[in-house]
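Below is one structure, written out as structure tokens, with a few remarks after it.
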Amino acid sequence: MTLRIRPDLDSLPTYVPGKNFPGALKLASNEVVEPPLPAVTEAIAAAATGINRYPDNGAVALTEALATALGVTTDQIQAGCGSVMLCQNLITITSGPGDEVLFGWRSFETYPLATRVAGATPVQVPLTGDAVYDLEAMAAAITDRTRLIFICNPNNPTGTVVEAADLRRFLERVPDDLIVALDEAYIEYTRPDQAHAYDALELRREFPNVVVLRTFSKAYGLAGLRVGYAVADPQVITALGKVHVPFSVNSLAQVAAIAALGAREQLLARTDLVAAERGRVTDALRQAGYRVADSQANFVWLELGEEAAPFAAAATAAGLVVRPFAGEGVRVTVTVPTENDVFLDFARNWIR
Ligand SMILES: *Cc1c(COP(=O)(O)O)cnc(C)c1O
């Protein structure tokens, strides 16, 4: 018997968890290698004695801490169970069947999936030849059905960033009632030159239709706890609050995020090493003959085309877990020098 489940879900891929095995060097999920700071684990331990109670559904203390840190008001912030959940909720509040959600491609896999779960239509605009979001082409792809635009900057999985002037020109062209989500999951890793430097919070003040998405999963090292946030116009925050899954930001995540925010200088200082290593890894890979995009994130993108899958399979056999996108490329997390060297040794010796 076939149960009555939405038939359009049949065409969606089933989630395949990232490969991992004991002893593997995991470079597939853009995590940091360092365990949480003592201040964070202590906050979690203290909060653990209270988990018989529901979390604060409004994440009031975290929202206040974020508002202070970012220089915005609390009615401009919504915490979420990872910024992935906020991506999904932005789709929910803007789009349904017949509506279009626009983004670059290849980009974050959540965008097309969550769009289709909502019954809306993903419109995927190819990246430029340099694997950068093609904002010119995206502006041209806006229709009267477009309800939401994602710009992933730096882009996952290519690591590339758009030029600040292009971003501004794009925002000037977008109708001012159309929401543009600027997904900045990796922003702490960027070391932009002048052409690529912009302040998303500043842009958001100027363009109230901009939503900034950030996360504690990457540079803040809390991937396992699931907490991210949106900074947006209060209209958007109110709507996000309506579709918020009750209590989905758990109490340990809330206190850990506050503690991580309190230690942010120390956490962000770690991104300097990653930024330096990203340059070293990119240079070494290019010297070895690989085509590698200019990354501003904590990963590199090897444009391997049809060799992506065999490369990743050989890496797995060698104890290295990387993230392949068959027919396109492989994304490899940049971490500490010892781990990066293991990957570089593999890549240099890989025989096509
Ligand atoms: C990792 C990532 C996120 C955030 O993920 P959460 O863990 O859900 O906060 C958001 N966007 C992109 C592009 C990412 O790579």
Response to the item:
Taking the dipole of the chain about the Cα centre (Lys, Arg +1; Asp, Glu -1; charges at Cβ), the one of 16, 128, 229 that reaches farthest to the positive side is 16
Discussion item. At a 10 angstrom cut-off on C-beta neighbours, averaged per residue, how do the peptides 231-243, 151-163 rank from highest to lowest?
Written reply: 151-163, 231-243
Item to complete: Would you be so kind as to identify which of 220, 154, 250 lies farthest towards the positive end of the dipole of the chain, taking Lys and Arg as +1 and Asp and Glu as -1 on Cβ and the Cα centre as origin?
Response: 250
Worksheet item: What is the local net charge at residue 262, summed over the other residues whose Cβ is closer than 15 Å to its Cβ (Lys, Arg +1; Asp, Glu -1)?
Response: -2
Fill in: Helix-only CD estimate at 222 nm, as mean residue ellipticity for the chain, using -39500 (n - 2.57) per DSSP H run (n ≥ 4)
-11500 deg cm²/dmol
Worksheet item: Put 138, 1, 85 in order of accessible area, largest first, 1.4 Å probe: what do you get?
Response: 1, 85, 138
Worksheet item: Taking a probe of 1.4 Å, how large is the accessible area per residue of segment 1-126, in Å²?
Response: 55
Discussion item. Sort 139-145, 41-47 by packing, meaning the average of other beta carbons within 10 Å per residue, with the highest value first.
Written reply: 41-47, 139-145
Worksheet item: With each label point set 7 Å from Cα along the Cα-Cβ vector, what nm distance links residue 194 and residue 288?
Response: 3.6
Worksheet item: Residues of segment 273-352: accessible area per residue at 1.4 Å, in Å²?
Response: 41
Practice prompt. Only Cα pairs under 8 Å and at least 6 apart count here; give the relative contact order of the chain as a rounded whole percent.
Written response: 22
Item to complete: Provide the FRET efficiency to the nearest 0.05 for the residue 205-residue 45 pair, computing r from the beta carbons and using R0 = 30 Å.
Response: 0.20
Practice prompt. Using a Förster distance of 56 angstrom, determine the FRET efficiency expected from the C-beta separation of residue 349 and residue 75, and round it to 0.05.
Written response: 0.55
Response to the item:
Across the alpha-carbon set of the chain, Rg over Rh with Rh taken as the Kirkwood radius works out to 0.96
Practice prompt. Give me the aspartates and glutamates in straight-line cross-link reach of residue 242: C-alpha distance below 19 Å, same-chain residues under 8 apart excluded.
Written response: 56, 75, 233
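Can you tell me the dipole magnitude for segment 38-263 around its Cα centre, using point charges on the Cβ only (Lys, Arg +1; Asp, Glu -1), in Debye to the nearest 20?
Here segment 38-263 has a charge dipole of around 620 debye.
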Worksheet item: Using 7 Å Cα-to-Cβ label points, what is the residue 247/residue 309 separation (nm, one decimal)?
Response: 4.4
Discussion item. Under the rule of at least 5 residues apart or a separate chain, name every residue whose amide H is placed under 5 Å from the amide H of residue 146.
Written reply: 100
Discussion item. What's the magnitude of the charge dipole for segment 283-352 around its Cα centre, counting Lys and Arg as +1 and Asp and Glu as -1 at the beta-carbon? Answer in Debye, nearest 20.
Written reply: 60
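The values are calculated or read from the model by the stated rules, or taken from the named source; none is laboratory data. Since the structure is predicted, the reported quantities are computational estimates derived from the model, not experimental observations. Glycine gets a Cβ as well: all are built from the backbone with ideal geometry, and neighbour counts include every protein chain shown. Side chains are part of the model used for accessible areas, which takes the heavy atoms of the whole protein and leaves out ligands, DNA and RNA. Shrake-Rupley method; radii C 1.70, N 1.55, O 1.52, S 1.80 Å.
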